[in-house]
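Here is the structure we will look at.
The values are calculated or read from the model by the stated rules, or taken from the named source; none is laboratory data. Note that the structure is predicted; figures quoted are calculated from it, not measured. In this analysis, Cβ positions are derived from the backbone assuming ideal geometry, glycine residues included, and neighbour counts consider all displayed protein chains. When the accessible area is computed, the model is the full protein with side chains, heavy atoms only, and any ligands, DNA or RNA have been set aside. Shrake-Rupley method; radii C 1.70, N 1.55, O 1.52, S 1.80 Å.
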Amino acid sequence: MSLDRIELRGLRARGRHGCLPAERELGQEFVVDVSLGLDTRPAAEGDDLSATVDYGSLASRLVAVVEGEPVNLIETLADRLAKICLEDPHVAEADVTVHKPAAPVPHPFTDVAVRIRRSRP
């Protein structure tokens, strides 16, 4: 059976993640995209929010992680965000992309991002 997708894109929050002291002191904006794999049929058939992911609530939990305890790597941040997504029993897999548009890169660039996929064992 293929999974349906619920996507939340462009979620913005300010965090203090990074290896450099200035990143920890000043903070910067991070942008998060998540794509959740799940079966949405029970929710659709019953028109029932409790049978699917409440993406408003999920967004608040993801922002809390970005704004919370700093980490050195956006790989670590992405993993923490994926774990939040998988806490919902409806979610079978989560694709998480963390964008760091103000990354300390000494050349012109558009974006730095890490994308991970996690699923239930």
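Given the criteria surrounded by fewer than 16 Cβ atoms within 10 Å (Cβ to Cβ) and in a strand (DSSP E or B), does residue 117 qualify?
Judged against the criteria, residue 117 is a match.
Within region 53-77, restricting attention to residues that are touching a helix residue (DSSP H, G or I) at 6+ places or on another chain (Cβ under 8 Å) and part of a loop (DSSP other than H, G, I, E, B), the residue that is surrounded by the most Cβ atoms within 10 Å (Cβ to Cβ) is 71.
Going by the structure shown, is residue 6 part of a strand (DSSP E or B), open to solvent by less than 60 Å² (accessible area, probe 1.4 Å) and touching a residue at least 24 places away in the same chain (Cβ under 8 Å)? It would help to see each step written out before you state the result.
On the way: part of a strand (DSSP E or B): yes; open to solvent by less than 60 Å² (accessible area, probe 1.4 Å): yes; touching a residue at least 24 places away in the same chain (Cβ under 8 Å): yes.
Judged against the criteria, residue 6 is a match.
Listed by first and then second residue, the pairs with beta-carbon distance under 6 Å, at least 6 apart or on different chains, first residue in region 83-100 and modelled with pLDDT of 95 or more, second in a loop (DSSP other than H, G, I, E, B) and open to solvent by less than 20 Å² (accessible area, probe 1.4 Å), are 85/91; 88/53; 90/53. All conditions but one from (1) more than 20 Å from residue 120 (Cβ to Cβ); (2) surrounded by 15 or more Cβ atoms within 10 Å (Cβ to Cβ) apply to residue 22; the one that does not is (2).
Taken as a whole, the condition of being more than 17 Å from residue 30 (Cα to Cα), among the basic types (Lys, Arg), open to solvent by 20 Å² or more (accessible area, probe 1.4 Å) and under 13 Å from the mean Cα position of the chain (by Cα) does not apply to residue 80. Scan region 83-110 for residues that are exposed (fewer than 12 other Cβ atoms within 10 Å of the Cβ) and either among the acidic types (Asp, Glu) or in a helix (DSSP H, G or I) (or both) and the total you get is 1. Is it fair to say residue 50 is open to solvent by less than 80 Å² (accessible area, probe 1.4 Å), polar (S, T, N, Q) and either assigned to a helix (DSSP H, G or I) or touching a His at 6+ places or on another chain (Cβ under 7 Å) (or both)? Spelling it out, it is not the case that residue 50 is open to solvent by less than 80 Å² (accessible area, probe 1.4 Å), polar (S, T, N, Q) and either assigned to a helix (DSSP H, G or I) or touching a His at 6+ places or on another chain (Cβ under 7 Å) (or both).
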